[in-house]
1. Just wondering, is there one or more residues in the stretch 330-343 that are in a helix (DSSP H, G or I) and among the polar types (S, T, N, Q)?
2. In this structure, is VAL114 open to solvent by less than 80 Å² (accessible area, probe 1.4 Å) and modelled with pLDDT of 90 or more?
3. From (1) of a type in the set (S, T, N, Q); (2) over 21 Å from LEU350 (Cα atoms); (3) in contact with a helix residue (DSSP H, G or I) (Cβ under 8 Å, 6 or more places away or on another chain), pick out the condition that doesn't hold for GLN36.
4. Could you pull out the residue among ILE88, ILE72, ILE17 that is within 30 Å of ARG185 (Cβ to Cβ), hydrophobic (A, V, I, L, M, F, W, C), touching a residue at least 40 places away in the same chain (Cβ under 8 Å) and part of a helix (DSSP H, G or I)?
5. Under 8 Å between Cβ atoms, at least 6 apart or on separate chains: pull out the pairs that start in the stretch 374-402 with a residue that is under 21 Å from LEU205 (Cβ atoms) and end on any residue that is open to solvent by 70 Å² or more (accessible area, probe 1.4 Å) and among the β-branched types (Val, Ile, Thr).
6. How about the stretch 267-319: which of its residues are open to solvent by less than 20 Å² (accessible area, probe 1.4 Å), assigned to a loop (DSSP other than H, G, I, E, B) and more than 21 Å from THR71 (Cβ to Cβ)?
7. I need every pair where a residue in the stretch 30-41 that is acidic (Asp, Glu) has its Cβ under 8 Å from the Cβ of a residue that is surrounded by 11 or more Cβ atoms within 10 Å (Cβ to Cβ), sequence separation at least 6 or different chains.
8. Name the single residue, out of those in the stretch 322-368 being free of Cβ contacts under 8 Å to residues at least 24 places away in the same chain and polar (S, T, N, Q), that is least open to solvent (accessible area, probe 1.4 Å).
Amino acid sequence: MSVSNIFFWLLLVVGMINFVHLGLYTIGANIYDMQQFRRAHKVKKTKRSVYNPHVTVLVPAHNEEMGVIRTIETICAGTYRNVSIVVIDDASTDNTAKIVRDYIAKNSLRIQTVVSTKDGKTIRTYKRVGNLPPICLLERKKNAGKGAGLNYALTHAVRGGLTMTLDADSSLHPNAIANAVEYFRDKQVVGVAANVKIMEQHTILGMLQKFEHMIGYRSKKFYTLTNSEFIVGGVASTYRYETLKKVGFYDTDTSTEDIGLSLKIVSQGNKKQRIVYAANVVATTEGVQSYKALFRQRYRWKQGSMQNLVKYRALFGNLDNAKCSRMLTWYRIPFAVLSEIILLLQPILLSFIVYQAIIHRMPGLLVGGYLTVTVYVLWNLLPDEHHTFIQKLFLSLYVPIMYFCFFIMDTVQIVAIIRCLINARQLGSKRDEQGAWVSPKRASVIQPAL
């Protein structure tokens, strides 16, 4: 068989895999949307019993003076009232802790100081007067990493109910917590992944991240339908506290503590303890502000993802169907690995397509690929339930160029994979991986008045 034939059949197989997945994601998202519509309609027609569990919102922060108050205020502005807030200042070198303390004091709080009996560290607990939720500020002197900071808060400042984690550069929709709580009426649901959107940033980099998140999170609807979701990000992720306590909270031996936690939970079995995606639990977060930061971010994400797939490799093709769904162990986990291989092959296959289009004078090969991706992007934008008609109209102006912009993200992802392969020894590491964490450069944000 000639080299040309090998590339042809390889291209055909990869093309079919991608085509099938695009179809599954599209059909699955539409079915999910219909189910959510019926669910919302049913709730309106029937009186549901009162379900009002306490929700503790953890806000880990390191050098987040520009956005932490904005984050706190979006929590306070929420419609769900049985909430408390725990801000974990992880050895910030800026004014993060001072800004939070001043905000608390400015809003007329009665102060109560509690001393931890475990390590003697002081935890300042502030109880609000009025309808605003109480805030607890944990000040850590050592920057030990986000996972370690969250574990400290879960151990010392959370006693039960539900726990939501919200990065200090993020904001919540007013109904986000209330909507998240509703999913936990189902006793089999132990974790809820939020619908995370990128804040407005009218640059190619900003739009690239915005469309990537929009398309990626819409695919989660299919994963929820098939009970194969295993990735829950760190923005507005919500869990039952008893589930977190049962698995020992966050691990700190990989680069991504959030993926590690959700994968650790589903590895215990995902049939009786499900993780679901909630399209109506909306949060927004800042995208990275430079391409250098994007390369650094995606390398960390890719490394953490691979580390956790290696760590929980026993799930790959697991035959224990009483414990885990087949869609998780036979499809979702294997495809997570296969997709990285396909991504590595992409430059070679794309070069082959361009070569064939030139020598055979078949520009239709290139035009067909462009139109397929463009229509798919538009198909993800138009049904989005959280954009207005005007917003969709504005974003649709970017759709014709997104095909070319995605090559930027593909390049970033391929570089991240190659770096992971070069540092392959770290993928199986069981040492403390996180260590100190560094917050990326933020956009210039004016703090709300204290």
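The values are calculated or read from the model by the stated rules, or taken from the named source; none is laboratory data. Everything numeric in this text was worked out from a predicted model, so none of it was measured. Here the Cβ is made from the backbone with ideal geometry for all residues, glycine too, and neighbour counts use every protein chain on show. Each accessible area value is taken on the protein alone, full model and side chains, heavy atoms only, with ligands, DNA and RNA left out. Shrake-Rupley method; radii C 1.70, N 1.55, O 1.52, S 1.80 Å.
1. Taking the stretch 330-343 as the starting set, the residues that turn out to be in a helix (DSSP H, G or I) are 330-343.
From what is left, the residues that are among the polar types (S, T, N, Q) are 339.
Scanning the stretch 330-343 turns up at least one residue that is in a helix (DSSP H, G or I) and among the polar types (S, T, N, Q).
2. Working: open to solvent by less than 80 Å² (accessible area, probe 1.4 Å): yes; modelled with pLDDT of 90 or more: no.
No; evaluated as a whole, the condition is false for this residue.
3. Among (1) of a type in the set (S, T, N, Q); (2) over 21 Å from LEU350 (Cα atoms); (3) in contact with a helix residue (DSSP H, G or I) (Cβ under 8 Å, 6 or more places away or on another chain), the lone unmet condition for GLN36 is (3).
4. Details: ILE88 fails: part of a helix (DSSP H, G or I); ILE17 fails: within 30 Å of ARG185 (Cβ to Cβ).
Just one listed residue meets the conditions, ILE72.
5. Note: no pairs meet the criteria.
6. GLY269, ASN270
7. Qualifying pairs under 8 Å: ASP33/LYS221; ASP33/ALA279; ASP33/PRO383; ASP33/GLU385.
8. Once the filter is applied, the top-ranked residue is THR329.
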